Amino acid sequence: MASRQVVGTEPAYREPSHWCLTPDRRQLFICDASGNAIFIFDPITGAPLGRKRIADPYQLGYTPDNKYLMVNALRLDFVDVYDGATLRLVKRFKPGRWPSHLDFSPDSRWSFNSMQNSNTLVSFDLASMTQRWAVTVGETPAGVLWHRGKVLCCIMGGRGFVEVDPVSGQITRRVVTGDGAHNIFLDTKKQILYVSNRGPGKTGLTALDPVSFQILRQYEIPGGPDDIGIDPEGNIWICLRYAESVAILDPVSGHYSSIPVGRSPHGIFLNTMLRQPGRITAERI
Amino acid sequence: MGLDRLFSNIAGYMDQYLVLPVLFRLHWMAWDDLAFDWCLICVYGIFAVLVTYAVCLPLEAWRPVERWPDNKAVLVDVFYTFLNRVGVTPIVTFVLFYQVQTWSTGLLVEHGFIPPTLDSLVPGLFGHPLVTFLVYALILDCADYWRHRLSHSFRWWYALHALHHAQTQMSFWSDDRNHLLDDVISFFWFFTIGLLIGIPPLQFPLLLMAMKFIESLSHANIRASFGPLEWLFVSPRFHRFHHGLRAAGRHSCNYASVFPVWDIIFRTADFRDEYLPTGDARAPAALVSGSYLAQQATGLKLFWQALGKSWASLGIGRAAS
Ligand SMILES: [Zn+2]
Ligand SMILES: [Zn+2]
């Protein structure tokens, strides 16, 4: 783990993007949207375990109770709900254009999905399989995170994220972080929020207080930062989409080094995350 | 691959500092993911033109088939090249293909069918990108052979293709010299095949570039063949024979653009070691040495006339030949 070198490369079809863990934590699903497939890996060793044909998986996640697997099919404008155990399609929503990111309420009743090209955040009731509300949040919404009873949604065509009340769908706060705010993460250990800002202009990470949303620090990192992971030493691993590399940032000193990895690194999973108790998602790290 | 990395990095800079600010300002950030692909297409396009230029120019100076008093007739081909390789055409093609592919996949998925990719269907392809590319390249090249051969067989289609053949000062710039309508037809031709086999848009940019390079080189004004490998790749000699005055029109030979194997299989190959003057004796002057617009207009006029003739011959009960 300490060599910080690429130790293996596995082929995919088109462009792998986001990931999720299966409820038993034995399989890591990685989306390959235009290849219409999910690639399955051993989350500890990284060994390939197979692949599954599924329509246009861009971003996906199990509900906290593991009953359903929800898949955002970005190109095809579908939000698909699969049975968590059998992976059979249960329900297909067509709530808007380019479903992008998603998260759930902790009781698994509601989902929140950003519609990248409809400028809305949409909520579904998974008990009745109906749409609850849709709220216009700003241009090109992306990353979604359930956080302290509210839903946070990044606005890529804007300069930050919005806080939405999950019951009413009303916007309760708007927070400025930087141009092209793309995704939002919670460092579960240190309780710090991070937002990746894609640009234009200054790109990088914004660290925020989880309650007041006050900016603690801005890290300037060029190269199109996307998803991030945090290792046990507290370093932040950042996918740099346009720099073909993963940056490793020491959040204390603000210095970073980078590892070349190949074109368009999108999502990142660190197997040390498996030590974490409770629910593991790409945004809760 | 080092070169691949360099290009992606250049495209990354281009995206971040040129394209993203524009998308942001125009409220088009939803296209951010695809913008990087557009930049890659441009970078590869520019590099392809540069490499072709760097290789072909000295070769054309060293062993030219023909020497011309001036290069005026070549200039318009340079314009065609930039338009097709770096400019608008590849981006428009990319966006259109993306849209239609998305739309057709959505339709299939709604009817319960998830289209597979070629590398998931054919055993042994997955995980072998070079073999996969070769299969894609052969399928596309075979399709191109038939497109080209058919464009010589129909009167109306050759009326358009004549623009490509009209050039009497054929050089490595001539590859993209085509009528816009002919380009549109090719586009739909490949579109259909691309949808059937599921082309990965940007999986093999370097290899695609290599294929395009062979096509440009095959038009170069160079007295050269590939010797013992002449049957493997289309050489300047092989394609020049297709551009020979004798081969213009409806009975031609050497239609392949990258792999001569199609001409060998379908019995249209001619490996004679001759370097003939190029052109189409029946092509009007505007098509030979006119400006870009004059060439396009004349092509359209000829197409219209040919279409009329084809209709007329159908009308009196004779099969159009
Ligand atoms: Zn021809
Ligand atoms: Zn030609």
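Residue-wise test of (1) more than 16 Å from ligand 2 (Cβ to nearest atom); (2) basic (Lys, Arg); (3) open to solvent by 50 Å² or more (accessible area, probe 1.4 Å); (4) within 24 Å of the chain's Cα centre (by Cα).
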residue	(1), (2), (3), (4)
B:Leu118	yes, no, no, yes
B:Gly124	yes, no, yes, no
B:Ile139	yes, no, yes, yes
B:Ala143	yes, no, no, yes
B:Arg147	no, yes, no, yes
B:Arg155	yes, yes, yes, yes
B:His165	no, no, no, yes
Check your understanding: Is it the case that A:Ile248 is more than 14 Å from chain B (Cβ to nearest Cβ), part of a strand (DSSP E or B), surrounded by 21 or more Cβ atoms within 10 Å (Cβ to Cβ) and touching a strand residue (DSSP E or B) at 6+ places or on another chain (Cβ under 6 Å)?
Key -> no
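To keep it simple, each residue is scored yes or no on (1) within 14 Å of chain A (Cβ to nearest Cβ); (2) of a type outside the set (Val, Ile, Thr).
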| residue | (1), (2) |
| --- | --- |
| B:Val19 | yes, no |
| B:Trp28 | yes, yes |
| B:Leu59 | no, yes |
| B:Ala73 | no, yes |
Exercise for review: Look at segment B:36-54 and say how many of its residues are of a type outside the set (Ser, Thr, Tyr), open to solvent by 30 Å² or more (accessible area, probe 1.4 Å) and more than 14 Å from chain A (Cβ to nearest Cβ).
Suggested key: 5
Review point. All but one of (1) touching a residue at least 60 places away in the same chain (Cβ under 8 Å); (2) more than 16 Å from ligand 1 (Cβ to nearest atom); (3) open to solvent by less than 70 Å² (accessible area, probe 1.4 Å) hold for B:Asn71; which doesn't?
Key: (3)
Revision key, fill the gap. Flagged pairs (Cβ under 6 angstrom, 6 or more apart or on separate chains; first in segment A:11-24, in contact (Cβ under 8 Å) with a residue 24 or more places away in the chain and within 14 Å of another protein chain (Cβ to nearest Cβ); second acidic (Asp, Glu) and open to solvent by less than 10 Å² (accessible area, probe 1.4 Å)) are A:Ala12/A:Asp32; A:Tyr13/A:Asp32; A:Pro16/A:Asp32
Point to revise | Failed condition for A:Asp226, given (1) in a loop (DSSP other than H, G, I, E, B); (2) touching a strand residue (DSSP E or B) at 6+ places or on another chain (Cβ under 6 Å); (3) open to solvent by less than 10 Å² (accessible area, probe 1.4 Å) | key: (1)
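Within segment A:67-79, is even one residue among the charged types (D, E, K, R) and touching a helix residue (DSSP H, G or I) at 6+ places or on another chain (Cβ under 6 Å)? Let's see the steps before the verdict.
Taking segment A:67-79 first, the residues among the charged types (D, E, K, R) are A:67, A:75, A:77.
Checking which are touching a helix residue (DSSP H, G or I) at 6+ places or on another chain (Cβ under 6 Å) leaves us with A:75.
Yes, because at least one residue in segment A:67-79 is among the charged types (D, E, K, R) and touching a helix residue (DSSP H, G or I) at 6+ places or on another chain (Cβ under 6 Å).
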Practice item. Give just the number: which of (1) assigned to a helix (DSSP H, G or I); (2) in contact with a Leu (Cβ under 7 Å, 6 or more places away or on another chain) does B:Gly194 not satisfy? Key: (2)
Exercise for review: Check B:Thr117, B:Thr105, B:Thr132 and return the single one that is of a type in the set (Ser, Thr, Tyr), without any contact (Cβ under 8 Å) to a residue 12 or more places away in the chain and within 11 Å of chain A (Cβ to nearest Cβ).
Suggested key: B:Thr105
Point to revise | Of all residues in segment B:247-274 being within 15 Å of ligand 2 (Cβ to nearest atom) and surrounded by fewer than 19 Cβ atoms within 10 Å (Cβ to Cβ), the one that is farthest from the other protein chains (Cβ to nearest Cβ) | key: B:Gly249
Check your understanding: Out of (1) away from ligand 1 (no atom under 12 Å from the Cβ); (2) in contact (Cβ under 8 Å) with a residue 24 or more places away in the chain; (3) open to solvent by 40 Å² or more (accessible area, probe 1.4 Å), the odd one out for B:Ile222 is which?
Key -> (3)
Check your understanding: Only one of A:Ser108, A:Ser123, A:Ser114 is within 13 Å of chain B (Cβ to nearest Cβ), open to solvent by less than 40 Å² (accessible area, probe 1.4 Å) and farther than 21 Å from B:Tyr98 by Cα; which?
Key -> A:Ser114
Check your understanding: If a residue has to be within 18 Å of the chain's Cα centre (by Cα) and among the small types (Gly, Ala, Ser) to count, how many in segment A:200-222 make the cut?
Key -> 2
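Among residues belonging to segment B:224-244 that are more than 14 Å from ligand 2 (Cβ to nearest atom) and in contact with a helix residue (DSSP H, G or I) (Cβ under 9 Å, 6 or more places away or on another chain), point out the one that is farthest from the other protein chains (Cβ to nearest Cβ). Write out each step before concluding.
Keep residues of segment B:224-244 that are more than 14 Å from ligand 2 (Cβ to nearest atom), which gives B:224-233.
If we keep only those that are in contact with a helix residue (DSSP H, G or I) (Cβ under 9 Å, 6 or more places away or on another chain) as well, we get B:224-226, B:230-233.
On the way: B:Ala224: 35, B:Ser225: 37, B:Phe226: 32, B:Glu230: 34, B:Trp231: 32, B:Leu232: 27, B:Phe233: 27 Å.
Top of the filtered list is B:Ser225.
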Practice item. Give me a count of the residues in segment B:1-20 that are modelled with pLDDT of 80 or more and either more than 9 Å from B:Cys39 (Cα to Cα) or open to solvent by 40 Å² or more (accessible area, probe 1.4 Å) (or both). Key: 10
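The values are calculated or read from the model by the stated rules, or taken from the named source; none is laboratory data. Remember, predicted model here, so these are calculated numbers, not experimental data. Glycine also receives a Cβ, built like all others from the backbone with ideal geometry; neighbour counts cover every protein chain displayed. We work out accessible area using only protein heavy atoms, side chains counted, and drop any ligands, DNA or RNA first. Shrake-Rupley method; radii C 1.70, N 1.55, O 1.52, S 1.80 Å.
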